[in-house]
Amino acid sequence: MILTITLNPAVDKTYTTGALMLGQVNRMRTVNNIAGGKGINVAKILRQYGYDVMTAGFLGGYTGEFIEACMREIHAHCRFTKVAGETRSSINVIAEDGYVTEILEPGPSVSAQELEQFVADYKNAVSECELVVMSGSVAKGIPADIYGQLVAIGKKAGLRCILDTSGEALLHGIKEAPFMIKPNQKELEYLVGHRLKDIGEIGEAAKKLRKTGIEHVLVSLGKKGLLSVTENEILWAKTPSVKTVNTVGCGDSVVASYAMSLLKGEDNYTSLKRAAAISAANTATLESGDIALELAEELLDKIQIEKR
Ligand SMILES: Nc1ncnc2c1ncn2[C@@H]1O[C@H](COP(=O)(O)OP(=O)(O)OP(=O)(O)O)[C@@H](O)[C@H]1O
Ligand SMILES: [Mg+2]
């Protein structure tokens, strides 16, 4: 079983309308609600591929109940910690005039007691799983070193940990040397403290990071593909061009794919190819974390791997 952690989940609400006008009554034509947040997306993808998933993090209020119901519907094992506040909604208003407006709630504050409960729930969950994926931002009230703590607990229980986050949470999280991190270029630049101008520099920066004890630094490069930096080699998976509908959730697809490959014990060459294919196939659907499964299979043969 794979455990996915989402510390700040969200209900992703998409509205369509003619035009959005400030200071006016705006009537929406359609609304669509889905369970979101990076670890939730990873869980959704793993379930699409039929993997056993346990999912944890903080949920509160009606929005929290909605997310839990969505996770139960896809038969993910729910181990969420309840908070007094309301889980956030992230609102996207798509207007006919071409403007897309995002309204993002801050999400609930987590109290010291709720955090303590979460750590206890996490320890229980870890004891039933083989691998843990921690993704996304940290809710208010949670210390920046939370991922470091979770990695340390996971490692102690013998689990490999994959960490996919950004900023301070990532910086603190890597202090405990997770098995794998998946920064995009901007996140990697933040970690090393300077801009990286080409693949050569990105590879060097990732190699330097590996020296802190991280086994695998996997850098995602948007449509330029994926750079895998391990002890033995640097491999660059180049993505074929895909008719892109929505790139949200691409990072989550990469992480989900690697989690599956690690459980299966696949070699890195195969794992990388699969991750590039699945993440490219994610861009072909409107819903984030919804993989066009047949397309992913077709793309597999089109991914080129260059040894650097
Ligand atoms: N336009 C695209 N066409 C094909 N593949 C893509 C495209 N955009 C992203 N991908 C694939 O998805 C992977 C992850 O994307 P990206 O680097 O944008 O992640 P990210 O910045 O972490 O995104 P997010 O955190 O929003 O999911 C890429 O490495 C690539 O394999
Ligand atoms: Mg990302």
Listed by first then second residue, the pairs whose first member lies in the range 251-265 and is modelled with pLDDT of 95 or more, whose partner is assigned to a loop (DSSP other than H, G, I, E, B) and within 13 Å of ligand 2 (Cβ to nearest atom), with beta carbons under 7 Å and at least 6 positions apart or on separate chains, are GLY251/LYS182; ASP252/GLY289; VAL254/LYS182; VAL255/LYS182
Of the conditions (1) more than 30 Å from HIS172 (Cβ to Cβ); (2) more than 7 Å from ligand 1 (Cβ to nearest atom); (3) not β-branched (Val, Ile, Thr), the single one that ALA280 does not satisfy is (2)
When the range 257-282 is checked residue by residue, the ones that are buried (at least 23 other Cβ atoms within 10 Å of the Cβ), out of contact with any Phe, Trp or Tyr (no Cβ under 9 Å at 6 or more places or on another chain) and among the hydroxyl-bearing types (Ser, Thr, Tyr) are TYR258, SER279
Taking first residues from the range 200-221 that are within 11 Å of ASN184 (Cα to Cα) and second residues anywhere that are assigned to a loop (DSSP other than H, G, I, E, B) and not hydroxyl-bearing (Ser, Thr, Tyr), the pairs with Cβ under 8 Å that are 6 or more apart or on different chains are ILE202/LEU196; ILE202/LEU221; VAL217/PRO183; LEU218/LYS182; VAL219/LYS182; VAL219/PRO183; SER220/LYS182; SER220/PRO183
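Condition check ((1) within 30 Å of PRO9 (Cβ to Cβ); (2) not aliphatic (A, V, I, L, M)) across all residues:
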| residue | (1), (2) |
| --- | --- |
| GLY200 | no, yes |
| ARG210 | no, yes |
| GLY213 | yes, yes |
| LEU226 | yes, no |
| ALA237 | yes, no |
| LEU263 | yes, no |
Scanning the range 197-242 residue by residue, those in a loop (DSSP other than H, G, I, E, B) and basic (Lys, Arg) turn out to be LYS197, LYS211
Counting only residues in the range 200-223 that are within 16 Å of ligand 1 (Cβ to nearest atom) and surrounded by fewer than 18 Cβ atoms within 10 Å (Cβ to Cβ), the one farthest from LEU7 (Cα to Cα) is identified as LYS223
Considering the range 1-33, residues that are at pLDDT 95 or above, closer than 26 Å to VAL133 by Cβ and of a type in the set (Ser, Thr, Tyr), and then whichever is surrounded by the most Cβ atoms within 10 Å (Cβ to Cβ), we arrive at THR4
Pairs returned, first residue in the range 271-291 that is within 16 Å of ligand 2 (Cβ to nearest atom), second residue that is among the basic types (Lys, Arg), beta-carbon separation under 6 angstrom, 6 or more apart or interchain, are GLY289/LYS44
Of the residues in the range 75-114, those that are acidic (Asp, Glu) and more than 20 Å from the chain's Cα centre (by Cα) number 4
Subset of the range 229-249, residues within 16 Å of ligand 2 (Cβ to nearest atom) and buried (at least 23 other Cβ atoms within 10 Å of the Cβ), comes to GLY249
Restricting attention to the range 138-169, the residues that are in contact with a Phe, Trp or Tyr (Cβ under 7 Å, 6 or more places away or on another chain), crowded, with 20+ Cβ neighbours inside 10 Å and hydrophobic (A, V, I, L, M, F, W, C) number exactly 6
Counted residues in the range 172-196 being within 16 Å of ligand 2 (Cβ to nearest atom), part of a helix (DSSP H, G or I) and under 18 Å from TYR147 (Cα atoms) come to 6
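Yes/no per residue for (1) in contact with a helix residue (DSSP H, G or I) (Cβ under 8 Å, 6 or more places away or on another chain); (2) at pLDDT 95 or above; (3) closer than 30 Å to SER257 by Cβ:
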residue: GLY64; (1), (2), (3): no, yes, yes
residue: ALA69; (1), (2), (3): no, yes, yes
residue: HIS75; (1), (2), (3): yes, yes, yes
residue: GLY98; (1), (2), (3): no, no, no
residue: GLY107; (1), (2), (3): no, no, yes
residue: GLN113; (1), (2), (3): no, yes, no
residue: GLN117; (1), (2), (3): no, yes, no
residue: LYS123; (1), (2), (3): yes, yes, yes
residue: SER127; (1), (2), (3): no, yes, yes
Considering the range 40-60, residues that are closer than 21 Å to GLU297 by Cα and of a type in the set (Gly, Ala, Ser), and then whichever is surrounded by the fewest Cβ atoms within 10 Å (Cβ to Cβ), we arrive at GLY50
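The values are calculated or read from the model by the stated rules, or taken from the named source; none is laboratory data. Not measured: the values here are computed from a predicted model. Reconstructed Cβ throughout: ideal geometry from the backbone, glycine too, with neighbour counts over all protein chains shown.
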